[in-house]
Amino acid sequence: MYDVIIIGSGPAGLTAAIYTTRANLKTLLIAGVKWGGQLQLTTLVENYPGFAEGIQGPDLMTAMRKQAERFGAEIKDVDFKTADFSKPPFKVSADIESFEGKSVIIATGADTKWLDVPGEKEKIGRGVSSCAPCDAFFFKGKNVIVVGGGDSAMEEALVLTKFAKEITIIHRRDEFKASQIMLDRAKKNPKIKFILNSEVIEVLGQDKVSGVKIKNNKTNQVSEMPVDGIFVAIGHIPNSSAFKGIDVDEKGFIKVSDHYKTNIDGVFVAGDVHDNHYKQAVTAAGFGCSAALEAERWLSNNEG
Amino acid sequence: MSDLNFTDQTFKSEVLESSEPVIVDFWAPWCGPCRIVSPIIDELAAEYAGKIKVGKLNVDENPQTSGQYGIMSIPSIVFFKNGQPIRTMIGAQSKENYKKEIEEILGN
């Protein structure tokens, strides 16, 4: 029986584990096979405090993991399957194993939102990507597009400039969610072009990507553009659907009340799975700390 | 620990002309998901020693081989048998998934 089971291994989950283990709570962290969350898909993280020159996303996650392990967190690289929150102790199942915990912190984060257009799914890894730092290398001297208008789209485009010949950012609006500094960097780069008010409606190609169909949202005109790669950065979907009985909002974000509590007593939440506003590594880490402190308090109150 | 590293120079003799099936982990140091897969590959190398050859190919240093097999995303785990790529698994996956594939290839 664990005092706390943390589900998820991004900044929220690992920070929570650092705090619960230091509070001497027996902690299990279900990390997932692809542990480390979204930062595993990035390069240089420049806005995480404490790293004056920035830090590589995967390095940051490895360090957080080691820190949690140092204090005794038990970390399993298995995928979460289901949870039974109907009565305590809570049962959490991952792959073939099941675990019992007095409390749970949900920190499952959010996954890439794909375009969901014809031709996309079967070409993931064959020209369709959500990880420019991983895959940009394979597009040396080629033409690629990045779909999206936020910071991650700008980062993907900037990473691609090191390899690709020309990068076109396709965005469905004419305004950007991206921060000014990231947008300015993208706009200043001579390799990056923009197509605004437009959406990709189909991915073309047989075995690999050969082009896209683009629709202009203002004129409804459809055109074809030959490209070798498509980097999708239109946002993320919160990983909340596997939690039965947990209240979510209309977009799937877990509803939070009164300091990181869910609607179920003893089940807490932290990070991108509930946060539709900030979505930063440092806020996720902060939420993880808060949820851990709340879980600790709840456990001591309930054990009298 | 798998210390078997294939290169553009050794690929033909070590992989294509191998008498046993070969698993090649196409990776690079700058890829986060590759770091997730790397220790799993090491474990597989130990578990299947003598039955299947398991090694890694750094795409950064060996662009010729990765280009030849159309690698466009890493990690890509490619299974070779009798000099032919017979299966490609793209993206970090569980050890069980890799094992399932290996067992199938070994005919178990």
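Derivation of every value follows stated rules applied to the coordinates shown; laboratory data play no part. No experiment lies behind these values; they were computed from the predicted model shown. Please note: Cβ atoms are built from the backbone with ideal geometry, for glycine as well, and neighbour counts cover all protein chains shown.
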Can you tell me the 0 to 90 degree angle between the C-alpha axis of helix A:11-22 and the longest principal axis of chain A, rounded to 10?
20 degrees
Give me the angle, in degrees from 0 to 90, between the Cα long axis of helix A:57-70 and the longest principal axis of the Cα atoms of chain A, rounded to the nearest 10.
10 degrees
As an exercise, use a Förster radius of 41 Å and the Cβ-Cβ distance of A:Q206 and A:S257 to find the FRET efficiency, rounded to the nearest 0.05.
0.20
Average silhouette area of chain A, convex hull of alpha-carbon atoms, in square nanometres
16.6 nm²
Can you give the FRET efficiency to the nearest 0.05 for A:E74 and B:E104, using r as the Cβ-Cβ distance and R₀ = 22 Å?
0.10
How crowded by other chains is B:66-74, given as the mean number of beta carbons from other chains within 10 Å of each beta carbon?
5
For an R0 of 25 angstrom, estimate the FRET efficiency from the Cβ-Cβ distance between B:E43 and A:I237 and round to the nearest 0.05.
0.20
Report the antiparallel proportion of the DSSP beta bridges in chain A as a percent, rounded to a multiple of 5.
45 percent
What is the order of B:I77, A:I195, fewest Cβ neighbours within 10 Å to most?
A:I195, B:I77
Kindly put A:T161, A:T219 in sequence by how many other C-beta atoms sit within 10 Å of each C-beta, fewest to most.
A:T219, A:T161
Compute the Rg/Rh shape ratio of segment A:114-232: radius of gyration over Kirkwood radius, all on alpha-carbon atoms.
0.94
At 7 Å along the Cα-to-beta-carbon direction for both B:K12 and A:D59, put a label point, then send me their distance in nm to one decimal.
3.9 nm
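Please go through the residue pairs A:K162/A:K191; A:K142/A:K218; A:K76/B:K53; A:K113/A:K244; A:K140/A:K191; A:K113/A:K251 and name each one whose alpha carbons sit more than 19 Å apart in this structure. Display every interim value, and only then the final one.
Numbers: A:K162/A:K191 9 Å; A:K142/A:K218 29 Å; A:K76/B:K53 27 Å; A:K113/A:K244 22 Å; A:K140/A:K191 13 Å; A:K113/A:K251 12 Å.
Among A:K162/A:K191; A:K142/A:K218; A:K76/B:K53; A:K113/A:K244; A:K140/A:K191; A:K113/A:K251, the Cα-Cα distance tops 19 Å for A:K142/A:K218; A:K76/B:K53; A:K113/A:K244.
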Just want the ordering: A:H277, A:H171, from fewest to most Cβ atoms lying within 10 Å of their own Cβ.
A:H277, A:H171
For A:E250 and A:H277, compute 0.36 nm times the residue count separating them, minus their Cα-Cα distance, and round to one decimal in nm.
8.3 nm
